[in-house]
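A.B. asks: Supplied in structure tokens, the structure appears directly below.
The values are calculated or read from the model by the stated rules, or taken from the named source; none is laboratory data. In this text, all values refer to a predicted model and were calculated from it rather than measured experimentally. Counting neighbours? That spans all protein chains shown, and the Cβs are built from the backbone with ideal geometry, glycine included.
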Amino acid sequence: MAAGSGISRRTTAPIESPDLPAYCSRPSCREEYRRVFVAGRPHLYCGDICRRAAEREQRQAQSKLRHLQSMVRQAQIDLAAFGHAGEADATADLNAHDVAERAVAQARGALRFIRTDDPVTDEFRSLYEAVAPLFNASEDRSSVA
């Protein structure tokens, strides 16, 4: 206690225990360091440089993951455009937007092979041309015409 104030003051002095060995949490480092037990969060990295590098590497890995997930999603849509019924497992986790995008891709593929002198085909093509721009498929519309 402080003299006469009635207020106790806490210090961040190490707890009376020996330092324990620990390993840096940064995957590319994993160096051993001595972990000192003090109040607050435990140190997970061997130093500030490793901590900042680990944060940067984590952001880069998350960005790479988002990019790869986008590529997988596009590959699933492209695969579904072939219309194979056996590919339902590959597209089971697609949300409603992805399902609609897959349907537009299938329509684009179908329009390449159906006759053009049929009024139903003209109606189908009109529907496709109205919906395709919503799915960034406008560059493919020219190949269907």
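A.B. asks: Of all residues in the range 115-128, which are surrounded by 10 or more Cβ atoms within 10 Å (Cβ to Cβ) and in contact with a Lys or Arg (Cβ under 9 Å, 6 or more places away or on another chain)?
C.D. replies: Initially, the range 115-128 is screened for residues surrounded by 10 or more Cβ atoms within 10 Å (Cβ to Cβ), giving 118, 121-128.
Scanning the range 115-128 gives THR121, TYR128.
A.B. asks: If you go through the range 11-30 one residue at a time, how many are surrounded by 14 or more Cβ atoms within 10 Å (Cβ to Cβ) and either modelled with pLDDT under 80 or touching a Pro at 6+ places or on another chain (Cβ under 9 Å) (or both)?
C.D. replies: 1
A.B. asks: Got a number for residues in the range 18-68 being in contact with a Ser or Thr (Cβ under 9 Å, 6 or more places away or on another chain) and of a type in the set (Ser, Thr, Tyr)?
C.D. replies: The qualifying residues number 1.
A.B. asks: Report, by residue number, each residue of the range 97-114 that is surrounded by 14 or more Cβ atoms within 10 Å (Cβ to Cβ) and either over 13 Å from ASP78 (Cα atoms) or of a type in the set (S, T, N, Q) (or both).
C.D. replies: GLN106, ALA110, LEU111
A.B. asks: Which residue pairs have Cβ atoms under 8 Å apart, sit 6 or more places apart or on different chains, and have a first residue in the range 31-49 that is aliphatic (A, V, I, L, M) and a second that is surrounded by 10 or more Cβ atoms within 10 Å (Cβ to Cβ) and outside any loop (DSSP other than H, G, I, E, B)?
C.D. replies: Qualifying pairs under 8 Å: LEU44/ARG51.
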